[in-house]
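Chemist: Shown below is the structure under consideration.
The values are calculated or read from the model by the stated rules, or taken from the named source; none is laboratory data. This is a predicted model, so every value here is computed, not measured. Reconstructed Cβ throughout: ideal geometry from the backbone, glycine too, with neighbour counts over all protein chains shown.
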Amino acid sequence: MKKINQLLVAGGMLVASSSAQALLIDFQNLATNSELGESAWTVLNTGTNIDISAGPDQGSFAYLDGFYRTPAGLGVCSTGLVMGASSDVATGSQSNICGQSSDDNVNVTPGNVGEELVFTFNGNNSLNTIWVNNNHDSGSLDGKTINVTVGGVTKELLFDDVSHKTGDDFGYLFTLDDVQLGFGTQFGAGDELVLSFGGSSASQFYVSAIDVPEPAIVALLGLGLAGIGFARRTKK
């Protein structure tokens with residue numbers, strides 16, 4: 001029984017250490033690398049149980065903006081695409097380009113409805129840290145707002161250069177569990193997180209990056225290795 005308890009403790013430590021590790025999904029880099037490049041997506045799969053789409057209507061696309069002068073990242077195109085490629089996949093740099101070059105951030109639709117990025121969770125996961133920027137346009141987000149919606153509850157996020165500015169190309173950092181928002185960081189299958197243009201001093205923006213735990217398979221692999229080690233010791 002003592003050895004079984006030791007195995008459970010060791011396994012628990014492995015799970016904890018694995019879940020503590022985070023995977024940075026850098027949309028700025030994805031928008032400029034040779035495999036993806038600037039492209040529009042009906043659904044952008046991050047490989048971490050999180051799919052990203054755009055709204056508020058079906059004619060909007062999640063858009064990786066690889067503007068060459070300053071890093072951008074993930075935005076929204078709601079004015080249609082050019083070059084005729086499939087909107088479901090990126091076929092390389094400069095594919096599925098937004099039909100209007102100024103419509104690649106999270107701003108407003110032609111009908112003046114706030115654009116949104118929808119993060120849909122396909123399984124249990126956590127998400128807390130998000131970076132946003134406005135590098136291409138007015139630069140600073142100080143004193144500007146965006147709307148954050150979790151579980152159908154929308155809150156206004158007000159940025160300031162003291163508590164949010166990172167001092168790098170990623171721009172501004174915020175966490176879902178900070179004092180302003182007070183959201184939880186754990187999500188289950190079917191849950192949605194929505195970032196949208198809005199608030200009392202709404203500003204257009206891009207999502208620079210998000211920080212999520214590595215896939216649960218890492219933790220399961222750790223448990224498997226612990227079990228193998230225990231079995232070898234028992235056999236000896």
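Chemist: Is at least one residue of region 70-82 at pLDDT 85 or above, in contact with a helix residue (DSSP H, G or I) (Cβ under 6 Å, 6 or more places away or on another chain) and not aliphatic (A, V, I, L, M)?
Modeler: Yes, because at least one residue in region 70-82 is at pLDDT 85 or above, in contact with a helix residue (DSSP H, G or I) (Cβ under 6 Å, 6 or more places away or on another chain) and not aliphatic (A, V, I, L, M).
Chemist: Are any residues in region 184-211 among the β-branched types (Val, Ile, Thr) and not in a strand (DSSP E or B), and if so, which ones?
Modeler: First, pick out the residues of region 184-211 that are among the β-branched types (Val, Ile, Thr): 185, 194, 207, 210.
Across region 184-211, the qualifying residue is only 185.
Chemist: Being on the phi > 0 side of the Ramachandran plot and touching a strand residue (DSSP E or B) at 6+ places or on another chain (Cβ under 9 Å) narrows it down to one of 190, 184, so name that one. Break it down stepwise before answering.
Modeler: Numbers: 184 fails: on the phi > 0 side of the Ramachandran plot.
It is 190.
Chemist: Looking only at region 92-134, how many residues end up being of a type outside the set (D, E, K, R) and more than 16 Å from residue 191 (Cα to Cα)?
Modeler: Summing the residues that are of a type outside the set (D, E, K, R) and more than 16 Å from residue 191 (Cα to Cα) in region 92-134 gives 27.
Chemist: Which one is modelled with the highest pLDDT among residues in region 83-96 that are closer than 10 Å to residue 41 by Cα and under 21 Å from the mean Cα position of the chain (by Cα)?
Modeler: Taking the candidates together, the pick is 96.
Chemist: I need the full set of residues from region 105-129 which are small (Gly, Ala, Ser) and surrounded by 18 or more Cβ atoms within 10 Å (Cβ to Cβ), in order please.
Modeler: Correct list: 114 only.
Chemist: Tell me yes or no: at least one residue of region 117-136 is closer than 10 Å to residue 196 by Cα, touching a strand residue (DSSP E or B) at 6+ places or on another chain (Cβ under 9 Å) and in a strand (DSSP E or B).
Modeler: Keep residues of region 117-136 that are closer than 10 Å to residue 196 by Cα, which gives 117-118.
Next, from what is left, pick out any that are touching a strand residue (DSSP E or B) at 6+ places or on another chain (Cβ under 9 Å): 117-118.
Still in the list and also in a strand (DSSP E or B): 117-118.
Yes, region 117-136 contains at least one residue that is closer than 10 Å to residue 196 by Cα, touching a strand residue (DSSP E or B) at 6+ places or on another chain (Cβ under 9 Å) and in a strand (DSSP E or B).
Chemist: Within region 160-178, which residues are buried (at least 17 other Cβ atoms within 10 Å of the Cβ) and either touching a residue at least 24 places away in the same chain (Cβ under 8 Å) or in a strand (DSSP E or B) (or both)?
Modeler: To start, the set of residues in region 160-178 that are buried (at least 17 other Cβ atoms within 10 Å of the Cβ) comprises 164, 170-174, 176.
Across region 160-178, the qualifying residues are 170, 171, 172, 173, 174, 176.
Chemist: Looking at region 50-66 only, could you name the residues that are surrounded by fewer than 20 Cβ atoms within 10 Å (Cβ to Cβ) and farther than 19 Å from residue 197 by Cα? Let's see the steps before the verdict.
Modeler: Kept after step one, since they are surrounded by fewer than 20 Cβ atoms within 10 Å (Cβ to Cβ), are these residues of region 50-66: 51, 53, 55-59.
If the condition is that a residue be surrounded by fewer than 20 Cβ atoms within 10 Å (Cβ to Cβ) and farther than 19 Å from residue 197 by Cα, then 51 is the only one that fits.
Chemist: Look at region 93-132 and say how many of its residues are aromatic (Phe, Trp, Tyr) and farther than 16 Å from residue 203 by Cα.
Modeler: 2
Chemist: Let me ask you something else. Test residue 181 against the criterion of being outside any strand (DSSP E or B) and either buried (at least 21 other Cβ atoms within 10 Å of the Cβ) or basic (Lys, Arg) (or both), and give yes or no.
Modeler: For residue 181, the condition - outside any strand (DSSP E or B) and either buried (at least 21 other Cβ atoms within 10 Å of the Cβ) or basic (Lys, Arg) (or both) - is not met.
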